[in-house]
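The values are calculated or read from the model by the stated rules, or taken from the named source; none is laboratory data. Here the structure is a predicted model, which means the values were calculated and not measured. Heads up, the Cβs are rebuilt from the backbone with ideal geometry, glycines too, and the neighbour counts pull from every protein chain shown.
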Amino acid sequence: MLPFAIKYEKSGETECPHCGNKIEVDTLKMCRVKHLIFPNRNSWPHFHSWYHFDCFFDHINDDIYFTKISGIDSLPWKHQNLLQTRIKQFRDFTEQEFIVYHSVMELSSLNVQRSKSNGEKCQKCLTNFARGEIRVVSRLQVLHFKCHVNVFSRIKGQLEDIPGWDKFGKEARKLIMADYAAIGDSKKPNKKTLKENGLKTAARPLSDDTDKDEIQITSVNGPCSSMNFKKKRPAAKEIDGREEEKKRRKLDEAAKKAQHFERRMLSLNAQVNRLFECRQFLNKLSDSEILELFSKNSQEISGEEQPQESQLIDRLADYIVFGVPTACSNCSNGYIVYNSTRQTYACTGYVTPYTKCLFESKNPVRNAFKPTDCFRHKCSPNICFKSLSERLYFDEEKDDDVAEQKNDKPLMYAAEVFDLNNEVPTTTNEDSNTHFLKKGTLVDGKFEFAKTTHMFKNEVDEALYQATLSLTDVTENKNSYYKIQLLKDDDHERYYLFSSWGRVGTNVGNHKYQSYFKKNEAVEDFKKIFNEKTKNNWESRGDFQKMPGAFGYVETDYSEFAQIAPGTKNKLPKRVKKVVMSIFNFENMNSELMSFKIDVKRMPLGRLSRNQIHSAFSVLGEFMGFIFNEPVDEMKILDCTNKFYTIIPHNFGMKVPEPIDSYEKVDEKINMLHALLDIKLAYDQICEEDTMSVLGVDPVDSNYQRLRCSMTPLDKNSFDYELIKEYMKNTQGSTHDVNCDLIDILEINRESESTKFKKEIGNRRLLWHGSGLRNLTGILGQGLRIAPPEAPATGYMFGKGVYFADMFSKSLFYCRANAQDEAYLLLCDVALGVMDLRMQATDMSKETLPEGTNSVKRYIVYDVDQIQIKYLVRVKVHRAEHL
């Protein structure tokens, strides 16, 4: 969005904050636009302060340029000229004042302040102020002391004359004194001579016969000598002729440029006045007549954004003067419309449901405008619509300041913000994102009646009326969420429709609620909002289809579950308790998700559904289909990035979402989804209805029961314990530098695993398997698993299977444990059967194994019924490195 705006006053009720008087109807008014981008772009932000045209220039301190003002296209030529003249006067005045002011600086006249944070930048050196650092506030800029003083030719006064000097802290004064000392040295006259080189210049004047091109040097240590370097000079007449030719050419070029500029201004004058005249006439037409003109020219106005009447008028005026742009060649659903903010024509369509069409053109291909009979009858004879012409544009200012002008403030969308002070917190507030557990469901803590309400459940299908929506667009720095919850009062027949929205991972946003006494009305309004935001019916959410420009539905699983709170009254053996508490440590899981930039504050841990995670795997599979292609297909990368972040909301703060444009980034997201699946499995076990926590039973005991997996500590003096200890000691690779202490060994007996175990295959081996701590809940509860079909087959040398090793040190590295951490390894009874010998990496599966074989030589099986977990081995890692 452009930083300034201009328009005509319509109501006469707007009050100018500079002079306090109301702005008269049909007079020009201007404003400084907040750094907000409104996705519907239908109206001016209601909190902008509009000024009288002249008051605005008295008020602002910013650099202003003609091409940085929105709304110019709606002005007639005389008012555009008036604006250009006023801007030139303002800039000339401020530049002259700046030069005069900067000739001499009086330290006593400085306007200094302490920096309140370390987030503000010096507008000259572009480095941040330290908190508490002294900064100088001039009429145009906020600068470091040394940056401000450096522009002056002379400094007047002493440091003690700076206002508030005695109130500055000791450190602040010391910094200023150091800067001032450096500046003082640099401003002293340079007294160096050539004596340092043993040379000095001759002092004698040149005689008449001395050549002016002669360089005379007097040596201090030797006799005087001269060195002549004479050049052959052209004759005086020849020089005069060349100079005259240069001057003549320059004058001719200047005259041609002036003539071209004059013709261009006349053409722009005619263009602007034609557009203004068309707007004036179109404003007199009825709504139905305007819509009929759009229909006649095969143009639609429905879609993602419903434009205002003034925007429709602008489009029609553009069609009349220049012609109607033809259909977009990049997509099939958009229309090419003039964008006054970017001063170009842009497509309104989408190349996919997740990504906007990026087509732009200064002068697209057009067809002649087709008037309706009613339009012909009412049309002024001065309006011509039979010819096609190219749109002319004002040249951009050549000033370096314009080219280098940057907007350091983050851009936000109206769907993300309602912060009138434009304060942008980049981190979330713990208290504002609390979720209350009510009747097994989570109620948003921002709702003022959250403690006395619970989520409404449909009596017919027991569906919970809540929806989490997401929308990400990398090109527009859009990363929005929208949440809807239909809540019921705990004690009364009263319902609340609560909505919250904003930017993912920040406090930017707002919320609202509507109360109802009738259930049906509340349900209908919930369905209406869901349809408005997603363009899908609530009843069809199971077959949800992402629509262009609309929010995506983040399928979440809010199954009822009891409060998870570890206790101290457990009945388990101490060695078992330690393992259960470690693998059910949800704080560690939260931390891991946060490291992946998952928004765990507004997307509570474990709530993403399994279908949602599998959909994200499918998107990463699409990435793998083209990520290695040359040249890189940037549109596909953009589309898949938008799609992935919409399915799995990420926390980027106010930064632009980073594109997933390399194999390394795809691999990182694959690991993230595996972590999400493991955490989802852990929650699924906790949330099973037949294993809900019983009142008075310690949660550690409850979690252990949900695993359906018995753990029996081995006697540390037993034969099995000593055998495994020896196995661990003797199976460390020669290229592995490993130092670990054995802490404990537990015998594992998973429910029903022994009955499914295909021991008849034979060739059974006791093999190691290493995995991260977060995976153990799912492994112990559901057994070792094979990656889902949707997951890309990256990192698997022989396809998606379960990998084992006969070397302890090799499996240890897969635990991803750091020094001084604990690692948990599994010892499994694996029925390998007939092994297929493979020397080269290849994609294998249960279906593609050669007939008569059951595994791959490197201890890889593709059927989980060939595995029986026997022991869980706890070790303390001191060092684990590859040599």
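Could we say that Lys451 is touching a strand residue (DSSP E or B) at 6+ places or on another chain (Cβ under 8 Å) and at pLDDT 90 or above here? So Lys451 fails the test.
Here Asp92 does not qualify as at pLDDT below 75, under 21 Å from Gln343 (Cβ atoms) and not in a strand (DSSP E or B).
Name the single residue that is modelled with the highest pLDDT among those in segment 1-15 being farther than 22 Å from Asn283 by Cα and in contact with an Asp or Glu (Cβ under 9 Å, 6 or more places away or on another chain). Applying the filter and picking the extreme gives Phe4.
Is there a residue in segment 587-597 that is at pLDDT below 70, under 30 Å from Ser470 (Cα atoms), of a type in the set (Phe, Trp, Tyr) and crowded, with 17+ Cβ neighbours inside 10 Å? Yes, that holds for at least one residue.
Residue count for segment 1-14, restricted to those that are loosely packed, with under 15 Cβ neighbours inside 10 Å and charged (D, E, K, R): 2.
All of (1) aliphatic (A, V, I, L, M); (2) over 28 Å from Asp821 (Cα atoms); (3) surrounded by 16 or more Cβ atoms within 10 Å (Cβ to Cβ); (4) at pLDDT 85 or above hold for Met654 with one exception: (4).
Gln259 falls short on exactly one of the conditions (1) at pLDDT 85 or above; (2) of a type in the set (S, T, N, Q); (3) more than 30 Å from Ile313 (Cα to Cα), and that condition is (1).
Being at pLDDT below 85 and closer than 19 Å to Arg391 by Cβ narrows it down to one of Arg248, Arg264, so name that one. Spell out how you get there, then give the answer.
Numbers: Arg248 fails: closer than 19 Å to Arg391 by Cβ.
Exactly one of Arg248, Arg264 is at pLDDT below 85 and closer than 19 Å to Arg391 by Cβ, namely Arg264.
Look at segment 498-527: where a residue is farther than 23 Å from Asp473 by Cβ and a partner is assigned to a loop (DSSP other than H, G, I, E, B) and of a type in the set (Ser, Thr, Tyr), sitting 6+ places away or on another chain with Cβ atoms under 8 Å, you get Val523/Tyr465; Phe526/Tyr465.
Identify all residues within segment 269-297 that are surrounded by fewer than 17 Cβ atoms within 10 Å (Cβ to Cβ), among the aliphatic types (A, V, I, L, M) and more than 19 Å from Thr372 (Cβ to Cβ); write none if there are none. Across segment 269-297, the qualifying residue is only Ala270.
The rows are residues; the columns are (1) surrounded by 14 or more Cβ atoms within 10 Å (Cβ to Cβ); (2) at pLDDT 85 or above; (3) assigned by TED's automatic domain parsing to the domain that holds Gln123; (4) of a type in the set (S, T, N, Q).
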{"site": "Asp408", "(1), (2), (3), (4)": "no, no, no, no"}
{"site": "Glu416", "(1), (2), (3), (4)": "yes, no, no, no"}
{"site": "Gly445", "(1), (2), (3), (4)": "yes, no, no, no"}
{"site": "Lys457", "(1), (2), (3), (4)": "yes, yes, no, no"}
{"site": "Asp461", "(1), (2), (3), (4)": "no, no, no, no"}
{"site": "Ser470", "(1), (2), (3), (4)": "yes, yes, no, yes"}
{"site": "Lys483", "(1), (2), (3), (4)": "yes, yes, no, no"}
{"site": "Tyr495", "(1), (2), (3), (4)": "yes, yes, no, no"}
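Summed over segment 15-31, the residues that are surrounded by 17 or more Cβ atoms within 10 Å (Cβ to Cβ) and assigned to a loop (DSSP other than H, G, I, E, B) give a count of 2. Identify all residues within segment 850-873 that are of a type in the set (Val, Ile, Thr) and over 16 Å from Asp806 (Cβ atoms); write none if there are none. Listed by number, the residues that qualify are Thr853, Val864, Ile869.
Looking at segment 827-842, can you tell me whether even one residue there is β-branched (Val, Ile, Thr) and either modelled with pLDDT of 90 or more or outside the structural domain of Tyr727 (by TED's automatic domain parsing) (or both)?
Within segment 827-842, the subset β-branched (Val, Ile, Thr) is 830, 834, 842.
If we keep only those that are either modelled with pLDDT of 90 or more or outside the structural domain of Tyr727 (by TED's automatic domain parsing) (or both) too, we end up with 830, 834.
Checked against the condition, which is being β-branched (Val, Ile, Thr) and either modelled with pLDDT of 90 or more or outside the structural domain of Tyr727 (by TED's automatic domain parsing) (or both), segment 827-842 yields at least one hit.
When you scan segment 355-362, do you find a residue that is surrounded by 21 or more Cβ atoms within 10 Å (Cβ to Cβ) and in a strand (DSSP E or B), even just one? Looking for residues that are surrounded by 21 or more Cβ atoms within 10 Å (Cβ to Cβ) and in a strand (DSSP E or B), one finds at least one in segment 355-362, hence yes. With respect to Gly852, determine if the residue is modelled with pLDDT of 90 or more, assigned by TED's automatic domain parsing to the domain that holds Asp737 and in a loop (DSSP other than H, G, I, E, B). When the stated conditions are applied, Gly852 does not pass them.
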